[in-house]
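Please treat every number below as a calculation from the coordinates, not as lab data. Predicted model, so just to flag it, every value in this text is computed and none were measured. Methodologically, a virtual Cβ is constructed for each residue, glycine included, from the backbone with ideal geometry; neighbour enumeration extends over all protein chains shown.
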Amino acid sequence: MATRTLCIKTFGCQMNVYDSARMADVLAPLGYGLTDDPSDADMVILNTCHIREKASEKVFSELGRLRRMREDREARGAGRMILGVAGCVAQAEGDHILDRAPFVDLVLGPQAYHRLPEMVARLSRAGDAQIDTEFPAEPKFDHLPAPGARGPAAFLAIQEGCDRFCTFCVVPYTRGAEYSRPVTDILDEARALVARGTLEITLLGQNVNAYHGAGPDGATWSLGRLIRALADIDGLARLRYTTSHPRDVDDDLIAAHAEVPTLMPFLHLPLQSGADRVLKAMNRGHTLADFRRVVARLRDARPDLALSSDFIVGFPGETDREFQDTLDAVDDIGFIQAYSFKYSARPGTPAAALPAQVPEPVKAERLARLQDLLNAQQVAFNRRCEGLDMDVLLDRIGKHPGQLVGRSPFMQPVHVMAPAPLQGTIQRVRIDQGQPNSLAGRLLPAEDDHPPAERATA
Ligand code: SAM
Ligand code: SF4
């Protein structure tokens, strides 16, 4: 029974979304139940992102607002609000957070959230701020309770940290060395999720396809082998994984795309740049031709596979010609969705010290051009889906009365008029309209003898 309220505001990647849910699991035995409203919460945790400067800076403006909310709440006599900063900004800045925001009570890195109950106990005993940014010898996963209910679609972290050291990226410093969870722990967590109603699991890792966990047979399992074992879980209808590195796509994983029907035909595969010199300066460890080869093999294995990607524009020294190489690569390979960013110099990373930083207006102009192209590809794909029948996992209530929203096999949001009890089920939907960021469709009767799944190819 919840006797106190906890609000966790999550910034950044899916791994942070997963970590936030796990922090809630860890605090539940202390009586904390989740609320979306920070103004009346007994504890508010900001789970932060350090990947770009803008993401980091958001934390401090948010902390200023929370401080005022806390004062109002205390003035109302509603009791103390504990304020915590978790995640990658906490890891990178440590006690410097308290220099800028001395009113914060808890600072904890991503490897420390299993120790939250201890930190809260020490805070209530001693009253002074608690900081934990250690990388523990024992992985935090060994200390976590079984997951609570997550809904029809859930994340499951199988790997954390990264040894790739791309020259622009803070992840190897904030999340530490690569660690793969043992297979048995992952299978147990997946079964627990399915038992609580989850139909779709997205396996997470900063470099998820570098997964090399200890199997129950004593062998080291690859991601491909893990996916096959997960696919055998009764009631688990869909699997995805993210984020992959093109260098770590191996034969076994490609074969899994061909052979495991529960593995969805959508893959996020970051390219970052279409210019080989830039890829080398980024330390990505592959060329554009290597990326194309991987994509061709994946598409051979699963012809309806659609891709999304990440791009950085304005990496130090990027010329107009090199930026054009990125546009050409996008044009040619085709992505149904993508994230693109202006390069942001991160303190302590090798690229931040490179000469020839690209001026802000040039980055802005390149980003706008790239996004125009990516958006056009997304719209074109969504339009090509019109008239197709798709299996849609109806996972949330829509904005309009009687509407549910789901996700297509390709991760497009799909709006459908459907009775509320269908939330949390997979339904056959005829797509009537492809919009810029979503699809609209109608439910097909359960026993409709509609033709077999038609496929939109990217
Ligand atoms: N592990 C993934 C990979 O191999 O590409 C990416 C992890 S990162 C959380 C997500 C994306 O943020 C990256 O793919 C990259 O495009 C972007 N990113 C990372 N560092 C950046 C930086 N310093 N400036 C701009 N974008 C950055
Ligand atoms: Fe960062 Fe991904 Fe490169 Fe690892 S592989 S350093 S997480 S961009």
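Quick notes
- Under the criterion of Cα pairs below 8 Å and six or more residues apart, the relative contact order for segment 5-117 equals 28 percent.
- Label sites at Arg277 and Glu360, each approximated as a point 7 angstrom past Cα along Cα to Cβ, lie 2.7 nm apart.
- Based on Cα contacts under 8 Å between residues 6+ apart, the chain shows a relative contact order of 10 percent.
- Within the same chain, aspartates and glutamates fewer than 8 places from Lys58 are excluded, and of the rest, those with a Cα less than 18 Å from its Cα are Glu93, Asp95, Asp99.
- At R0 = 25 Å, FRET efficiency that the Cβ-Cβ distance of Ala353 and Phe60 yields, to 0.05: 0.50
- Annotation: extensible slack from His212 through Arg122 equals 28.7 nm (criterion: 0.36 nm per residue apart, minus Cα-Cα distance).
- Residue list for segment 283-300, given a label point 7 angstrom along the Cα-to-Cβ vector of Asp163 and an amide N cut-off under 19 Å: 283-286
- Hydrodynamic radius (Kirkwood) for the chain, which is based on Cα pairs only, to one decimal in Å: 23.6
- Mean separation of Cα contacts under 8 Å (6+ apart) over length of segment 59-162, as relative contact order %: 21
- Difference of contour (0.36 nm per residue) and Cα-Cα distance, Asp391 to Asp95: 101.7 nm
- Which listed pairs, of Lys140/Lys280; Lys9/Lys54; Lys280/Lys363, have C-alpha distances above 26 Å, in listed order: Lys140/Lys280
- Projected over all directions and averaged, the alpha-carbon convex hull of segment 20-168 occupies 10.3 nm².
- Near-label residues of segment 32-49 by backbone N, under 12 Å of a point 7 Å along Cα→Cβ of Asp72: 38-41
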